[in-house]
Amino acid sequence: MASTTTPSSQVIRLTNVPPTLPNIPANFPLSPAPGKLELLLNANATYLYHKFTPFTNFHDSILSSVLSNQQPFVYTFVDQANRGLINQLPSTVKSLLDVVSINQDSINDVVRVSKFLVSSWGVQFLINQAAIQRLAPFDETRIYNPASPLLAAVQPLTLGIGLSSLTELM
């Protein structure tokens, strides 16, 4: 006689569902109460925001054995958004930086472009740009400046003409 299987014998038991959180606050109510989720979030914010990494480890370039291609080159976790370099400076220095239009985003752009230029993809980019520039029709324009991508990322060199200046004109 053949054995019969019931639907309950085919159920796969899941463990750790729902996923357990590492920090349960001491004052966490066991019954339904307002603010229960907020208590869990505040106690486990760092764990939840840093659980997954956005960084890659792709090695698909000729120079990747020598130079790193780990992206993103600049990343800020959600809970660390207001902990930048500029926010730690005194207010007088912050006001001077506002005059010349330097903010945390422009610093991040310079760091991001700098890290790209020293990666294997960045070195290949600079080599390609230098080779393409040599094809220019005039001798005066055949010289390539490898610092030009970095100079283009620096906002103060735009003489204050940026998005904020353009919106004021409109």
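So here's what we get for this one:
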quantity: Cross-chain or 6+ apart pairs with Cβ under 9 Å, segment 76-88 first and surrounded by 10 or more Cβ atoms within 10 Å (Cβ to Cβ), then basic (Lys, Arg) and part of a loop (DSSP other than H, G, I, E, B); calculated: THR76/ARG83
quantity: Filter result for the condition that a residue is of a type in the set (Phe, Trp, Tyr) and at pLDDT 85 or above, over PHE73, PHE116; calculated: PHE116
quantity: Members of segment 111-139 found to be in a helix (DSSP H, G or I) and among the β-branched types (Val, Ile, Thr), listed by number; calculated: VAL111, VAL113, VAL123, ILE127, ILE132
quantity: Long-range neighbours under 6 Å by Cβ, at least six apart or interchain, first residue more than 10 Å from PHE77 (Cβ to Cβ) within segment 43-55, second among the aliphatic types (A, V, I, L, M) and at pLDDT below 80; calculated: ASN44/LEU21
quantity: Residue under evaluation SER101, criteria (1) within 27 Å of PHE52 (Cα to Cα); (2) surrounded by 13 or more Cβ atoms within 10 Å (Cβ to Cβ); (3) modelled with pLDDT under 75, criterion not met; calculated: (1)
quantity: From the options LEU30, LEU85, residue that is out of contact with any Ser or Thr (no Cβ under 7 Å at 6 or more places or on another chain), aliphatic (A, V, I, L, M) and at pLDDT 80 or above; calculated: LEU30
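The values are calculated or read from the model by the stated rules, or taken from the named source; none is laboratory data. Since we're looking at a predicted model, the values are computed, not measured. Virtual Cβ from ideal backbone geometry, glycine too; neighbours counted across all protein chains shown.
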